[in-house]
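**Student:** A single structure is presented below for examination.
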Amino acid sequence: IEIYSLHVDCKVTSRFAHTIITSKIVNRANESREATFEVELPKTAFITNFSMSIDGKVYPGIIKEKASAQKEYDTAVSHGQSAGLIKITGRKLEQFHVSVSIAAASKVTFELMYEELLKRQLGKFELLIKVRPKQLVKHFQIDVHIFEPQGIRFLETDSTFMTNELTEALTKVQNETKAHILFKPTVDQQKINPELDETLLNGDFVVRYDVKRGATAGDIQIVNGYFVHYFAPREMPVFPKNVIFVIDRSGSMAGRKIEQTRDALLKILQDLRPEDHFSFITFSSKVAEWKSSLLQATAENVASAAGFVQTLSASGGTDINRALLTAVSVLDKAERLPERSVSMIILLTDGQPTSGENNVEVIQENIQEAVDGKYALFCLGFGFDVSYKFLEKMALSNGGIARRIYENADAALQLQGFYQEVATPILMRIEMQYPENAVEGLTKNNFKLFFEGSEIIVSGKISNELDLLPVEIKAQSHASDLTLKEEANVKEKEQVFQNQSYIFGNFIERLWAYLTIQQLLEKSISAQEEDQKALEAQALELSLRYSFVTPLTSMVVTKPAGQQQAELANKPTEAG
């Protein structure tokens, strides 16, 4: 079985990435063989299309409602398992895997298409392409086109497998608003050494970039009646933060996990700003406060905290409920905190609640009642013994987010990286306002906090007769209350994309659908049951209308007669 051609074709238009992977395979044996198509794609992406063509006949993947697809194909799919064709393979990736038997001398072409909105983190966008053909490929190429009307501020490529030989196969062409990256290694360049038929191509190929930002009220782009508004203010004073680290030191954290936690916390302590206030609460079956109140991050206090962190050891059960309630009461009682400051609780745990209150629903209610919208709660789940669903619901119900920390060598870096994302709040209570009578289907437009290095994105549909789209942003910065205003000329904005040959026409509409589905799914996690059903119904309708494989839809992949007739591709979620 020979992969004679493998193309990755990626177009990024104003952060919205559209990727097509095409693999052509020939069976050089004189009997039937299995041809396999295995691709890793970002978890944040939605698959939109898949097809196999065998000797000229096309077998398309059909996207259906998950429940009905599951019923139809229950025989083919192991019950309720997401055995299907997609599984999570790591912190950022999931794997799509399909095999088909092809006759001697036959050819098969696999084509997979997926889309995602690139998310700005720590000041850059990242496009991740996983490369692992497992054999030398005669025609191999990665083709990335980027078009950013705001202008490209910087662009870099990075890869885990580059050699001097391979860099010769990489070309970058760039002007003010466009970039083209081509990676096209010959078979010889792909070899680990000239004697062996082993490939070097195994790992990540990453493109990172950021855009220029001129306008203070962000940047608006419009195509075919849909708009997207990007807002990422720069160079603003940072809010002091009051942060309580709630650290699990139950028995299961013993060994490597607690070591990695100590390493990460020591680095995080160094990153605190002098005007920040902080404290630690550690918990197993018992809850212990490092100090009874928040301390300012002076050199002396940070040094004393570092001493404490180095003594952290692990044993006992897990009382998440009392640990979090203690954290909330420390913030409630805090005095002399800076007038305008942001308070947050960062929970790190690796297990289920086993001590004290261990009914997760009761814990969620207790915490939500205690936090009462005053503080942001971030939940980090270490490894796979946590109930991620519980942590995610708790974080989203309290203005924060959840993140899984993978038990790898880089766990300390993952923890630090997470902290850096939330380390510099520069705006709070952000309201993005648009004329009510002229805009519909607006995505989320109120945000509690904005962190330096990220980006706020709002999208919606504008009514036909609008010539000018006025926007107003209200927010609080550390220095003052802000009001920013901007007017977008609809016709001028539409013009920007008119003459771009390689843009997929309705990309802002698809971006709007992608963002709306992501937000509906996120909202449904912390919603009451009846609201949950309505949110999911809406997300399902959009997933089907725009053909996205989301957690609510399945793609049914059919094969030639005589083979396992149908398989399901279901999107896995972090909560499983």
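The values are calculated or read from the model by the stated rules, or taken from the named source; none is laboratory data. These numbers were taken from a predicted model, which means no experiment stands behind them. Please note: Cβ atoms are built from the backbone with ideal geometry, for glycine as well, and neighbour counts cover all protein chains shown. Side chains are part of the model used for accessible areas, which takes the heavy atoms of the whole protein and leaves out ligands, DNA and RNA. Shrake-Rupley method; radii C 1.70, N 1.55, O 1.52, S 1.80 Å.
**Student:** Counting other Cβ atoms within 10 Å, which trypsin sites (Lys or Arg not before Pro) in segment 190-281 have at most 10 and lie in a DSSP loop?
**Tutor:** When the trypsin sites (Lys or Arg not before Pro) of segment 190-281 are filtered for loop state and at most 10 Cβ neighbours within 10 Å, 234 remain.
**Student:** Give me the percent relative contact order of segment 239-385, please, defined on Cα pairs under 8 angstrom at least 6 residues apart.
**Tutor:** Relative contact order here is 31 percent.
**Student:** If you don't mind, another one. Using a 1.4 Å probe on the protein heavy atoms, what percent of the accessible area of the chain belongs to carbon and sulfur?
**Tutor:** 47 percent
**Student:** If I histogram all Cα-Cα distances within segment 4-75 using bins 10 Å wide from 0, what percent of pairs lands in each bin?
**Tutor:** 13, 37, 33, 15, 1
**Student:** What number, in percent, do you get for the relative contact order of the chain if the mean sequence gap of Cα pairs under 8 Å and at least 6 apart is divided by its residue count?
**Tutor:** RCO, the chain: 17 percent.
**Student:** With contacts defined as alpha carbon pairs under 8 Å and 6 or more residues apart, what's the relative contact order of segment 40-174 in percent?
**Tutor:** Computed over segment 40-174, the figure is 31 percent.
**Student:** Then there is this: On a 0 to 90° scale, report how tilted helix 299-310 is relative to the longest principal axis of the chain, with both axes built from alpha carbons and the result rounded to the nearest 10.
**Tutor:** The helix 299-310 is inclined about 60 degrees to the chain.
**Student:** Just flag the GluC sites (Glu not before Pro) in segment 19-59 sitting in loop per DSSP whose Cβ has no more than 12 other Cβ atoms within 10 Å.
**Tutor:** Here the GluC sites (Glu not before Pro) that fit, given the DSSP loop and packing criteria, are 31.
**Student:** If you take the C-alpha gyration tensor of segment 345-394, multiply each eigenvalue by 5 and take the square root, what semi-axes do you get, largest first, in whole Å?
**Tutor:** Taking √(5λ) for each eigenvalue gives 18, 14, 8 Å, largest first.
**Student:** For the chain, report the % of Cα-Cα distances exceeding 33 Å.
**Tutor:** Roughly 50 percent, rounded to a whole number.
**Student:** Another question about this same structure. Within segment 294-395, list the trypsin sites (Lys or Arg not before Pro) lying in a DSSP loop whose Cβ has at most 13 other Cβ atoms in a 10 Å radius.
**Tutor:** In loop regions of segment 294-395 (DSSP not H, G, I, E or B), the sparsely surrounded trypsin sites (Lys or Arg not before Pro) are 336, 374.
**Student:** Using only Cα atoms, find the angle between the long axis of helix 411-422 and the longest principal axis of the chain, and express it within 0 to 90 degrees, rounded to the nearest 10.
**Tutor:** 70 degrees
**Student:** Quick check on segment 241-423: of the DSSP beta bridges with both residues there, what percent are antiparallel, nearest 5%?
**Tutor:** 15 percent
**Student:** Right, something else. What value does segment 140-291 have for Rg/Rh, both radii from Cα atoms and Rh as Kirkwood defines it?
**Tutor:** Over the Cα atoms of segment 140-291, Rg/Rh equals 1.14.
**Student:** A further question follows. Only bridges with both residues in the chain count here: give the DSSP antiparallel percent, nearest 5.
**Tutor:** About 80 percent, rounded to the nearest 5.
**Student:** With a probe of 1.4 Å, find how much accessible area segment 241-423 has per residue, and write the answer as a whole number in Å².
**Tutor:** 40 Å²
**Student:** Still on this structure, I have one more. Using only Cα atoms and rounding to the nearest 10 degrees, what angle (0 to 90) does helix 529-545 make with the longest principal axis of the chain?
**Tutor:** 30 degrees
**Student:** Equivalent-ellipsoid semi-axes (√(5λ), Cα gyration tensor) for segment 323-459, whole Å, largest first?
**Tutor:** Ellipsoid semi-axes (Å, largest first): 27, 19, 17.
**Student:** Based on Cα positions only, what radius of gyration and what Dmax would you give for segment 241-423, in angstroms?
**Tutor:** 14.8, 41
**Student:** Find how many whole Å separate the alpha carbon centroid of segment 109-142 from the alpha carbon centroid of segment 360-438.
**Tutor:** Centre-to-centre (Cα) distance: 28 Å.
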